[in-house]
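The block underneath contains the structure these notes are about, expressed in structure tokens.
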Amino acid sequence: MTSAASIRTGGLLLAGSGVIWPTRAIGQASSERQTTVSAGAATIAVTIRGRGQPVVCIPSRGRGSGDFDDLSQLLVDAGFQVILPQPRGIGGSTDPMGSITYHDLAADVAATIKAVVNGPVVVIGHAFGSRVARTSSADHPELVTRLILLAPAGAVPGAAAIESLTTRFWETPLRREARLALLQRTFFAPGNKPPLTTPPNERGVRIKYDKEY
């Protein structure tokens, strides 16, 4: 297993910053299929694209595998098979959603790998997904040949106030306006210029991102 800021893999340069530069194109015919995988109490919906060396992509928290649509097409064009498991509770993936640990999510990844290829793969994890990727490698080293971590974290603990906000904006009863405000405070650094308004809400009102709640 290899972990590095920049790794060349079969004609693609994948940088730790998330920048991807295709260096060759095989022109593989596009193919896609859907399947489901049982992982204990969970059922994981999986999209599989292309043929070749398998690569599993794990999105960030609360995000679906669609985040990798552009990257997966680049990988397929370069001759890879891309495996996209949907996280629990997103798309067709289901689970009782009790007290879930990183090890549970890593078990979902392992079950997906065993069901689809039954052999070792490259694992790409983005943000929160990088933690799941690392846990997958630690718990199931025989299934992971290489880790590629995009926007990873963990070496430096996050500020307690920000950690609290990242928990709050997932709360189901939260109003849309309040959720947007929490997202802005959590993800937009001072000095950045995020969009000042959102699309009109159900009352036709545009909500300012920088409104305090």
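Where a number appears in this text, it was derived from the coordinates with a stated rule and is not lab data. All values derive from a computational prediction rather than experimental measurement. For neighbour counting, all protein chains shown are included, and Cβ atoms are generated from backbone atoms with ideal geometry for every residue, glycine included.
Kindly write out, for the stretch 40-52 in residue order, the coupling ³J(HN,Hα) from the Karplus curve 6.51 cos²θ - 1.76 cosθ + 1.60 (θ = phi - 60°), rounded to whole Hz, with x marking Gly and Pro.
x, 7, 8, 10, 10, 7, 10, 9, 10, 10, x, 9, x
Using mean Cβ contacts within 10 Å as the protection proxy, how do 104-116, 58-70 order, highest first?
Taking the mean over residues of other Cβ atoms within 10 Å, the ranking is 104-116, 58-70.
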